[in-house]
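**Q** Next up is a structure, given as structure tokens.
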Ligand code: SAH
């Protein structure tokens, strides 16, 4: 069971988490404020209540993870999010990252390949708060051609290569952030689509994500 009450203790722990993330190098106040607003313990089984505000990744259903808050903030900062943008997220997972984006005033299109996780989120009451998030069950490698182009694309699973179809769904001037690599550790990459066929690639720190897998899972 997941908790539904947000106590003063939780709020206090959240503030401490924000301080930790700030010390690690997140400077954008609106991102820190989003993390301070969203009750992360709502996304975890009550067994994790004591640790929900540690800066760590935790297991959720189906052997997947809720990303480390610092990692969520880091990817969000690299995306350079502006209000009203259209953002494609690959790997809904717990939907915590999607909520952080929605809290920044953007429109989120998020895809999950595991039906059970997708279904779980359909009946997770807290997510009703964010009507700007649209959930899709499908293979993130395909993106969402019907809703393309996007201002930003965020991949929250380790991509062994740059997914070509997702690059094609970026607007000119658009940005894609992804953990690139097939091993246990990946390097964060930011790709900016400068022109139709011209891209800038930048590399950042190393992280460890669950793999981006092809196809859907029932
Ligand atoms: N953004 C999530 C992190 C989830 S972990 C959060 O905030 O909690 C990565 C997720 O990506 C997993 O749920 C996994 O099932 C999903 N995933 C992996 N490959 C995928 C693909 N090709 N398409 C869509 N989702 C994928």
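**Q** Can you go through 199, 204 and tell me which one is more than 18 Å from the chain's Cα centre (by Cα), farther than 24 Å from residue 136 by Cα and outside any loop (DSSP other than H, G, I, E, B)?
**A** When all the criteria are applied, what remains is 199.
**Q** Modelled with pLDDT of 95 or more, away from the ligand (no atom under 14 Å from the Cβ) and within 13 Å of residue 71 (Cα to Cα): is that true of residue 197 in this structure? Explain how you work it out, then say what you get.
**A** Working: modelled with pLDDT of 95 or more: yes; away from the ligand (no atom under 14 Å from the Cβ): yes; within 13 Å of residue 71 (Cα to Cα): no.
Spelling it out, it is not the case that residue 197 is modelled with pLDDT of 95 or more, away from the ligand (no atom under 14 Å from the Cβ) and within 13 Å of residue 71 (Cα to Cα).
**Q** Sort out which residues of region 110-126 are more than 14 Å from the chain's Cα centre (by Cα) and near the ligand (Cβ under 8 Å from one of its atoms), and write them in order of number.
**A** Matches in region 110-126: 113, 114, 117.
**Q** Can you give me the number of residues within region 35-66 that are out of contact with any strand residue (DSSP E or B) (no Cβ under 9 Å at 6 or more places or on another chain), buried (at least 18 other Cβ atoms within 10 Å of the Cβ) and touching a residue at least 40 places away in the same chain (Cβ under 8 Å)?
**A** Qualifying residue count for the region: 5.
**Q** Something else: Cβ-Cβ below 7 Å, separation at least six or inter-chain, first residue in region 204-218 and without any contact (Cβ under 8 Å) to a residue 60 or more places away in the chain and within 11 Å of residue 157 (Cβ to Cβ), second outside any strand (DSSP E or B) and within 12 Å of the ligand (Cβ to nearest atom): which pairs?
**A** From region 204-218, the pairs are 211/157.
**Q** Here is a list of conditions, (1) more than 12 Å from the ligand (Cβ to nearest atom); (2) free of Cβ contacts under 8 Å to residues at least 60 places away in the same chain; (3) in contact with a helix residue (DSSP H, G or I) (Cβ under 6 Å, 6 or more places away or on another chain), and residue 96 meets all of them except one; can you say which number that is?
**A** Looking at each condition in turn, residue 96 falls short on (1).
**Q** Right, next: Give region 163-190 a look and list any residue that's part of a strand (DSSP E or B) and surrounded by fewer than 11 Cβ atoms within 10 Å (Cβ to Cβ), or say none.
**A** 173
**Q** Kindly evaluate residue 134 against the criterion of being assigned to a helix (DSSP H, G or I) and either more than 8 Å from the ligand (Cβ to nearest atom) or in contact with a strand residue (DSSP E or B) (Cβ under 6 Å, 6 or more places away or on another chain) (or both).
**A** Details: assigned to a helix (DSSP H, G or I): no; either more than 8 Å from the ligand (Cβ to nearest atom) or in contact with a strand residue (DSSP E or B) (Cβ under 6 Å, 6 or more places away or on another chain) (or both): yes.
Considered against the rule, which asks whether it is assigned to a helix (DSSP H, G or I) and either more than 8 Å from the ligand (Cβ to nearest atom) or in contact with a strand residue (DSSP E or B) (Cβ under 6 Å, 6 or more places away or on another chain) (or both), residue 134 comes out as no.
**Q** Exactly one condition in (1) crowded, with 18+ Cβ neighbours inside 10 Å; (2) touching a residue at least 40 places away in the same chain (Cβ under 8 Å); (3) more than 19 Å from the chain's Cα centre (by Cα) is not met by residue 193; state its number.
**A** Going through the list (1) crowded, with 18+ Cβ neighbours inside 10 Å; (2) touching a residue at least 40 places away in the same chain (Cβ under 8 Å); (3) more than 19 Å from the chain's Cα centre (by Cα), residue 193 breaks only (2).
**Q** Yes or no: region 148-165 includes at least one residue that is away from the ligand (no atom under 16 Å from the Cβ) and farther than 20 Å from residue 82 by Cβ.
**A** Checking region 148-165: not a single residue is away from the ligand (no atom under 16 Å from the Cβ) and farther than 20 Å from residue 82 by Cβ.
**Q** For residue 101, which of the numbered conditions (1) near the ligand (Cβ under 9 Å from one of its atoms); (2) in contact with a strand residue (DSSP E or B) (Cβ under 7 Å, 6 or more places away or on another chain); (3) over 17 Å from residue 210 (Cα atoms) fails to hold?
**A** Only one criterion is unmet by residue 101, namely (1).
The values are calculated or read from the model by the stated rules, or taken from the named source; none is laboratory data. As the structure is a prediction and not an experimental result, all values here were calculated from the model. Neighbour counts are summed over all protein chains in view; Cβ atoms, including those assigned to glycine, are modelled from backbone coordinates with ideal geometry.
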